[in-house]
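Since the structure comes first, as structure tokens, the remarks are kept for the end.
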Amino acid sequence: MSFSSRRTWLSRLLAVSVVGLVVAATPSIATAAEQPSAGAPPAAATTVAADGLPTVQIDGVVWSQTVVGTTVYVAGRFANARPAGAAPGTSLVPRANLLAYDIRTGVLVPGWAPSLNAQALTITASPDGSRIYVGGDFTTVDGQTARRIAALDPTTGALVPDFRPAVTASVRAIVATADTVYVGGDFNAVGSASRLRLAAFDPAGQLLPWAPGTGVGRNRDGSVAAGAGVSALALVGDQLVVGGRFGSINGTATSGVGAVSATTGEVRPFAVGQRITNQGDDSGVTSLTTDGTTVWIGAYDFSGPGNAEGVVAARVADGSLVWDADCRGDTYSTFPVGGAVYVAGHPHVCSNIGGFPEVTPRVSRFGIAYSQATTGTVGTGTWGNTAFRGAPAPSVLDWYPTITPGTFTGQGQAGWSVTGTSEYVLYGGEFPRVNSVGQQGLVRFAVRSLAPNRIGPVAGSLATPTVTAGGAGVLSVGVTTTSDRDDRNLTYSLYRDGDTATPVATQVVDSIFTTPRTVTLHDRGLAPSSTHTYVVRAQDAWGNTVTSPSSSGTVSAEPLPSAYTQTVLADGATSAWPLGFLTGSTSGDATGAAPLTVGSGVTRQATGAVAGDAGGAFALGGTASSRMVAGAAQGARSAPQTFSLELWFSTTATTGGRLAGFGNSATGSNTSYDRQVYLDAAGRVLFGVSSGSRQVLASQAAYNDGGWHHVVASLGPPGPRSGWTASSSAPHPP
């Protein structure tokens, strides 16, 4: 906003707005209101706390988990377990690729210890919890033959003797009903019967006639892939969704994901399988989870030809797209709960859906969450493919526990599996630490009521604040926001002169780490020329805090605001400029928000419009430097859509000129300007707005008679409203 005229005296300018006056960096205007920050999470999505709860540890890698009641069953490649807090190699308890622990305490279940002779890749339970099904590369359980799939007792861990299918290669996915066990993997036969990566058994382990098959796909260079493995299954009614690295099911082209009848094995339409291109040796679908209506599809792409690498949500019934979380970085597992979808993988850039950007060196976030709700659209930065540009997208939620990648598999990953209940989210993988605390391979996160809630704003992250004299009796303290791994909105409090018990100002600020911003807190009513020292404290909803270093500043010599200005502030002005006191080339804003930069063609006058006010007025000399610019140091802002602008003026000019308005340049001429209060050559006052169409209101009378006059210009729906109040030539009473 700027002020200029032809030899005009200005006094007592203020702006009052029902939505807040937005002061631009110039004589200034932006044509639209500021929009919410990208990726703002919906209120319905509530994450668990980011505190990693103490959990039994392992000395290898966890590939899969399932929960029955209060027991978590874990499958992977490891030889030993040890209690939470125990260092590697200490307090070891033998566990050969399987274990169970109590979800409430994280403590190992002592009596459940079946021993596999090779890794387990998948684990699930029968619907009634009476059996635990496990699949993988093993061929024995407790020394008894069990070729790559077995059924175990959930209490004792004993092998169920009558369930002994002989699968010829890895089993990577299992889903069970009361009467059928469906499996997927890398095999091409069960016993002597041909089965191409999919098979089904009855509870006695007898192979069923159901026999759909997956076909090999193509690599990026067009070569035929080496395999067509199935890595994930999700079952809803008669609809079985299949995920993997294949290019077809039963000869019908579908890339990486498709659906078949759980009864007949016939292919069902599944639209997203025609939209993604993940297949072949180096891309595919890794996981499928469902709530009965939506299926969340985790995908990866190493060197093509895949176009999905985050999470794609589709309708179970037909595969139609719900949303695409277009984050780059492989996804290995997902778990939907509480309006969120938790992800195990290594996303490193989510800016295409309003989330965190790519940075150098690259930072992968091994545990994140998306909103289940659609909140936006996929942008154009889709790394070379256009299949999902403009598609619906979720938000990246503010949940970022630090999960450290491990070395066990040599792949530099952290979490490979995520599952849970309505109260707990459980990660498994090869990570050695969580939130910088030793916690290997398994960790629990809990809802707020069960969590210690000790994760707070990042330690040491508040820089030394800047303290500036912002107006009469005002010091303004600015600090860049910090962030919190599980709380997006933080309260920033300002403390003066060592008193850390009672803040002089507070403000709640959206503090997502991807978009740091400056928080400005104002301390008002201070004695002129006094010096004060400040710290800023950021606090989350759970009382966790971080405090900035201290910084000092000196109040300007400008007298404290008059009774008139105090009345204006009490009315809710977002900025109020007394226009009678200069500190160098600056005139203060009584709110501290946006001091004026004053041009050399502006001079102080001893008297102003308000009787008893010693502040005086400013005289504008009618030259190019006769201008004052509000907010020049703060940066350009959007012009307001609903506001009132009030000022006093006195002039005898007959050439007209602007009193106040918004433009797009802090110096020189404006190439865009709007919301202008100005005088014409006849001395009439006009208010012009360009909001879709140009509208101008003009006074009937002329006001260039040398007396003080009061003008208020207001904008609000459906169009501009303007009013003028004239006074006598004598100063107006306060």
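Tabulated values for the structure
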| quantity | calculated |
| --- | --- |
| Scan of the range 92-127 for residues that are within 27 Å of Thr180 (Cβ to Cβ), of a type in the set (A, V, I, L, M, F, W, C) and part of a loop (DSSP other than H, G, I, E, B), ordered by number | Trp112, Ala118 |
| Any hit, the range 504-518, residues being farther than 28 Å from Phe643 by Cβ and among the small types (Gly, Ala, Ser) | no |
| Hits in the range 70-104 - residues which are closer than 19 Å to Phe445 by Cα and open to solvent by 50 Å² or more (accessible area, probe 1.4 Å) | Thr70, Pro83, Gly85, Arg104 |
| Total residues in the range 656-697, condition free of Cβ contacts under 8 Å to residues at least 40 places away in the same chain, small (Gly, Ala, Ser) and open to solvent by less than 20 Å² (accessible area, probe 1.4 Å) | 2 |
| Hits in the range 448-475 (condition: out of contact with any Gly (no Cβ under 7 Å at 6 or more places or on another chain) and of a type in the set (Val, Ile, Thr)) | Ile455, Val458, Thr464 |
| Filtered residue count, the range 177-201, keeping only those that are surrounded by fewer than 21 Cβ atoms within 10 Å (Cβ to Cβ), out of contact with any Pro (no Cβ under 7 Å at 6 or more places or on another chain) and within 18 Å of Gly237 (Cα to Cα) | 1 |
| Residue in the range 588-597 that is in contact with a Leu (Cβ under 7 Å, 6 or more places away or on another chain), more than 14 Å from Arg524 (Cβ to Cβ) and open to solvent by less than 40 Å² (accessible area, probe 1.4 Å) present | no |
| Test: residue in the range 644-652 that is out of contact with any helix residue (DSSP H, G or I) (no Cβ under 8 Å at 6 or more places or on another chain), within 30 Å of Ala451 (Cβ to Cβ) and either among the charged types (D, E, K, R) or not in a loop (DSSP other than H, G, I, E, B) (or both) | no |
| Matching residues, the range 78-98, being within 13 Å of Val141 (Cα to Cα) and either within 35 Å of the chain's Cα centre (by Cα) or of a type outside the set (Gly, Ala, Ser) (or both) | Arg95, Asn97, Leu98 |
| Where Gly243 falls short, out of the listed (1) open to solvent by 10 Å² or more (accessible area, probe 1.4 Å); (2) within 17 Å of Asp318 (Cα to Cα); (3) touching a Gly at 6+ places or on another chain (Cβ under 9 Å); (4) touching a residue at least 24 places away in the same chain (Cβ under 8 Å) | (1) |
| Any chance Val48 is part of a loop (DSSP other than H, G, I, E, B), buried (at least 24 other Cβ atoms within 10 Å of the Cβ) and of a type in the set (A, V, I, L, M, F, W, C) | yes |
| Residue within the range 435-443 that is part of a strand (DSSP E or B), open to solvent by 10 Å² or more (accessible area, probe 1.4 Å) and within 30 Å of Ser417 (Cβ to Cβ) present | yes |
| Residues within the range 105-128 that are surrounded by 15 or more Cβ atoms within 10 Å (Cβ to Cβ) and not aliphatic (A, V, I, L, M), tallied | 8 |
| Hits in the range 229-252 - residues which are part of a strand (DSSP E or B), among the small types (Gly, Ala, Ser) and farther than 17 Å from Ala199 by Cβ | Ser248 |
| Qualifying residue in the range 459-477 (condition: under 24 Å from Ser575 (Cβ atoms), under 26 Å from the mean Cα position of the chain (by Cα) and surrounded by fewer than 22 Cβ atoms within 10 Å (Cβ to Cβ)) | no |
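The values are calculated or read from the model by the stated rules, or taken from the named source; none is laboratory data. Source: prediction; values computed, not measured. With ideal geometry, Cβ positions are generated from the backbone for all residues, glycine too; neighbour counts draw on all protein chains shown. Only protein heavy atoms, including side chains, enter the accessible area calculation; ligands, DNA and RNA are left aside. Shrake-Rupley method; radii C 1.70, N 1.55, O 1.52, S 1.80 Å.
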